[in-house]
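The values are calculated or read from the model by the stated rules, or taken from the named source; none is laboratory data. Just so we're clear, the structure is a prediction, and the values are computed from it rather than from any experiment. Ideal geometry is used to build each Cβ from the backbone, glycine not excepted, and the neighbour counts take in all protein chains shown.
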Amino acid sequence: MRTSLFVCWVVILGLLGVSGELRSEYYKYVDEEGRIFSVDDLSRVPEKYRPHVDVYLERHDNLSGTEKDQAIEKDLQEPKISSC
């Protein structure tokens with residue numbers, strides 16, 4: 001019984017530790033030409049734009065409700081492309 005209780009606690013604590021890592025942030029910036037970029041890694045934002053970057057917990061948080069729904073639908077329809 002103690003062993004199964006210990007295993008349960010280990011699994012619960014492991015899941016709690018992993019759940020913090022699953023949360024991602026998205027960064028939006030606008031370049032000099034007015035183009036909008038959205039990336040999921042702050043290191044992909046050029047140094048000169050970092051002081052003006054907007055941070056979102058989800059990819060489309062910066063959009064209105066309707067725009068967000070449309071963007072999510074578009075994401076679901078686009079094929080996923082993996083880069084190495």
Six or more apart or on different chains, Cβ atoms under 6 Å: show the pairs whose first residue is in the range 24-36 and over 11 Å from Pro46 (Cβ atoms) and free of Cβ contacts under 8 Å to residues at least 12 places away in the same chain and whose second is of a type outside the set (D, E, K, R) and assigned to a strand (DSSP E or B). Ile36/Val30
Residues in the range 40-65 that are at pLDDT below 90 and not acidic (Asp, Glu): how many? 9
Name the residues in the range 42-65 that are exposed (fewer than 10 other Cβ atoms within 10 Å of the Cβ) and under 23 Å from Glu32 (Cβ atoms), would you? Ser43, Glu47, Pro51
Counting only residues that are exposed (fewer than 13 other Cβ atoms within 10 Å of the Cβ) and of a type in the set (S, T, N, Q), which one in the range 66-80 is nearest to Arg35 (Cα to Cα)? Thr66
Here is a list of conditions, (1) at pLDDT 80 or above; (2) outside any helix (DSSP H, G or I); (3) surrounded by fewer than 10 Cβ atoms within 10 Å (Cβ to Cβ), and Phe37 meets all of them except one; can you say which number that is? (3)
